[in-house]
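Encoded as structure tokens, the structure appears first; notes follow it.
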Amino acid sequence: MTHIAFRDVGQDVLRDVDFVVVGSGAGGAAAAVALARGGAQVAIVEAGPWRDPEDYPESAYGAMRDMMDDWGNTMAMGDALWPIVQARIVGGTTVVNSAICVRTPGDIFRQWRDQHGVGGDAYADRMWKYQDLIERELHVEEVPAHAMGRSNQLALLGDERANLGGHVMRRYVKGCAGSGQCLQGCKGLKKQSTNLNYVPETMTRGGVVLSCAPADKILLDGQRAIGVTGHFQHPTTKKKGARFTVRARRGVFVAASVTHTPVLLMRSGVKSHHLGDFFRAHPGTGIFGVYDEPVDMNTGATQGWASTKFRTDPGMKLETLAIPLELVASRLSGGGHQLVQRLTKYRHLAMWVHACRAESVGTVRPTAFGLSSKPMIRYGLNRADMERFREGMKTVARMHFEAGAKEIIPGIQGMPYSLTPDQLHVMDNAPLDPRAYVAILSHLFGGAVMGQNPRTSVCDENGRVHGYDGLYIGDASAIPTNLGVNPQHTIMALAMNAADRALEQR
Amino acid sequence: MNWLISKTMQDLYPASADFPGIVDMGLDAYLDQFKAEAPALMYTGLVAGATLYQFSTMMTVGKPGPAMLLSDELRDEHARKITATSNYPLRQAIFLVKMVAGMCWGKDERVRAKMNLAPYQADPGTWRSE
């Protein structure tokens, strides 16, 4: 098994393989293992370091420093600044997410067929077969009752009373112990992030992993992708190290994330009319419910309940989400003695969130004049999306009250700090200004979207970049619409499909 | 500029009957570590947020800044009001200060014990080098 970590200047690395995969998250790891299973020699090039579970941090500070891309400070800029949460580590965001597994809904494939000329029934069947396989391999199971924790149990109660059509989450987790540390990485080895399975399997099948290795450029020979090059970066000091070059005899998969894949392609000189366009996301935020009895939301599964009942109308997903105490400390509004007084209620808080299936689109571009490798994301929500967003807030608020919350803390600028059940109607007039909300973009799509027409898309349904040989998209950049569900399962299936189709090319 | 940031964070997370103040949580060492480890842009944002906090007292308590020269009562009033200001850029800048301070406050083992949470082990900061 070969792993090459940071190398100092003067220790350049040159490798020749069949395929090189940029990124080791859901898409990159799934593509890599499929290629390796097909007999190809594969190199995975990952920008972040390889941290094993014993290296995982426990604190929110450690998670931001050691796990997140740019300390979680990549911002989507529009009317408001909303952060984008994604990891930079071997295993990618699968290390820090809640491992939520949702099959690609059938209507999505029909939408892709009707609007983009890809997908359709046969394609859907193929994707679902990959998802069958992934579910078996990554031990997808419901959150066990003993690991639910009080917040998730309350959500089940609120759901039942409010008729929200929810369910216990299915996740890529084997025997969840309910340690409440999903966002910092699961030290208990329960969460099946790709650094524990597909990446090591790729290595045992003869693959090589380069970590601390952000790709600068895809090497092109005319219209053919022939490799990847960059410089190692020290994970602590950020010092630039030796050059690495991985030459690919058969192809290059780019799975560096929705924010980095389009930028890497642009930086490499790849030409496509809509490269970096059609960026989409699930903007979301949470509401705290305040309960009489302690909830201790950080005990039990970080996320254990969800509802997709409203995915198509009005377009949102509901979930529980226990954020660490450190983040609750800043998420509650106020300052000074007022804030620390509010924090005394921490044990009685449950945070539930909604993710809005927004139709608004944005762009991903490189930093002007190449001043930084950081992507620039322009994204804002239109009025219809903000109305959906508000509807999500109202639904979560109602659910809290049905579950027995004595008050809710909506966290909306310009509104009362807390509302009691008889004040629920106040949420009807919550502002439609995105600046009033503390929100994040959790699931990202687009930037190198698939479609039949090269003038309106970047790659085909098998991830092949139009007009290029041996160049494939292997992550959510290829997804042309907003799924309305957690995207990991879809990303993995698309990546495996693209890999298998690439193996057929000779 | 850590002293300026420290003064601001002390206003945001003061000692109370329930919790120690952030100043008693190794704040200086925490800020030294943050400055050494965080992206330069993020640290710059922190300095900007702290500066805006210190010199925005006219907006909240009608007194000129810096906030650190005001009485305890006025500083507490300023902390309460400025974190809820309707000025979005200002609120965002101060939110960054509050978030970074919250990561120090919320990992303190005395605070965690009160919240029925186990103390954190030290973050190893290690990675696979071979």
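The values are calculated or read from the model by the stated rules, or taken from the named source; none is laboratory data. Keep in mind that what you see is a predicted model, and the values were worked out from it rather than measured. Note: ideal-geometry Cβ built from the backbone for every residue, glycine included; neighbour counts use all protein chains shown. To get the accessible areas, we keep the full protein, side chains included, count just its heavy atoms, and leave off ligands, DNA and RNA. Shrake-Rupley method; radii C 1.70, N 1.55, O 1.52, S 1.80 Å.
Between B:Ser129 and A:Asn382, the modelled labels are 5.3 nm apart [label points 7 Å from Cα along Cα→Cβ].
Set the Cα radius of gyration of the stretch A:83-176 against 2.2 N^0.38 Å, with N its number of residues, and you get 1.34.
Using only alpha-carbon positions, what ratio does the radius of gyration of the stretch A:449-496 give when scaled by 2.2 N^0.38 Å?
Against the compact-globule rule of thumb, the ratio is 1.11.
Quarter the surface of the alpha carbon convex hull of the stretch A:366-493 and you get the mean projected area, 11.5 square nanometres.
Every helix of 4 or more DSSP H residues in chain B counts as -39500 (n - 2.57), and over all residues that averages to -17500 deg cm²/dmol at 222 nm. Once a ≥ b ≥ c are taken as the square roots of the eigenvalues of the Cα gyration tensor of the stretch A:1-52, is the result rounded (a/c under 1.5), prolate (a/b larger than b/c) or oblate (a/b not larger than b/c)? Cα axes put the stretch A:1-52 in the oblate bin.
Over the stretch A:203-315, what percent of the accessible surface lies on carbon and sulfur atoms, probe 1.4 Å? List each step's numbers first, then the result.
Numbers: 1880 of 3820 Å².
Solvent-exposed carbon and sulfur of the stretch A:203-315 make up 49 percent of the total.
In the stretch A:1-88, inverting the average of 1/r over every pair of distinct C-alpha atoms gives 15.5 Å as the Kirkwood radius.
P(r) tail, the protein assembly as shown: Cα-Cα pairs separated by more than 41 Å, 23% of all pairs. To the nearest ten degrees, helix A:149-162 and the longest principal axis of the Cα atoms of chain A are 70 degrees apart. Between A:Val13 and A:Arg243, A:Phe244, A:Thr245, the built amide H atoms are under 5 Å apart, and every one of these is 5 or more places off in sequence or on another chain. Computed over the Cα atoms of the stretch A:105-238, the ratio of the radius of gyration to the Kirkwood radius (Rg/Rh) comes to 1.08.
Take the Cα pairs of the stretch A:212-300, get the Kirkwood Rh, then feed it into Stokes-Einstein at 4 °C and 1.567 mPa s and tell me D in µm²/s. Answer, rounded: 78 µm²/s.
For the stretch A:189-262, what is Rg from Cα atoms divided by 2.2 N^0.38 Å, rounded to two decimals? Write out the running numbers ahead of the final one.
Values: Rg = 14.2 Å, N = 74, 2.2 N^0.38 = 11.3 Å.
Normalised Cα radius of gyration, the stretch A:189-262: 1.26.
For the stretch A:63-121, the equivalent ellipsoid built from the Cα gyration tensor has semi-axes of 31, 18, 9 Å, listed from largest to smallest.
Across the stretch A:174-325, the convex hull enclosing all Cα atoms gives 199 Å³ per residue. Pairs of C-alpha atoms in the stretch A:147-199 farther apart than 12 Å represent 69 percent of all such pairs. Pairing chains A and B buries close to 4300 square angstrom of accessible surface in total, based on protein heavy atoms and a 1.4 angstrom probe. Legend: P(r) of the stretch A:268-410 from all alpha carbon pair distances, 10 Å bins from 0, whole percents, reading 11, 32, 28, 20, 8, 2.
Among rounded, prolate and oblate, which fits the stretch B:1-56 when a ≥ b ≥ c are the square roots of the eigenvalues of its C-alpha gyration tensor, a/c under 1.5 means rounded, and a/b larger than b/c means prolate? Taking the square roots of the gyration eigenvalues as a ≥ b ≥ c, the stretch B:1-56 is oblate. Per-atom-type breakdown for the stretch A:370-506 gives carbon and sulfur 46% of the accessible area (1.4 Å probe, protein chains only). Classify chain B as rounded, prolate or oblate, taking a ≥ b ≥ c as the square roots of the eigenvalues of its Cα gyration tensor: rounded when a/c is under 1.5, otherwise prolate if a/b is larger than b/c and oblate if not. The shape class here is oblate. Treating each Cα of the stretch A:406-477 as an identical point scatterer and ignoring solvent, apply the Debye formula and state log10 I(q)/I(0) at q = 0.18, 0.21, 0.28 Å⁻¹. Cα-only, vacuum Debye calculation for the stretch A:406-477: -0.71, -0.86, -1.19. Of the trypsin sites (Lys or Arg not before Pro) found in the stretch A:355-431, those that fall in a DSSP loop while having at most 15 other beta-carbon atoms within 10 Å are A:Lys406.
Per-residue ellipticity at 222 nm for chain A, helices alone: DSSP H runs ≥ 4 residues times -39500 (n - 2.57), over residue total, nearest 500 deg cm²/dmol?
Working: 11 runs with 126 residues, N = 506.
It lands at -7500 deg cm²/dmol.
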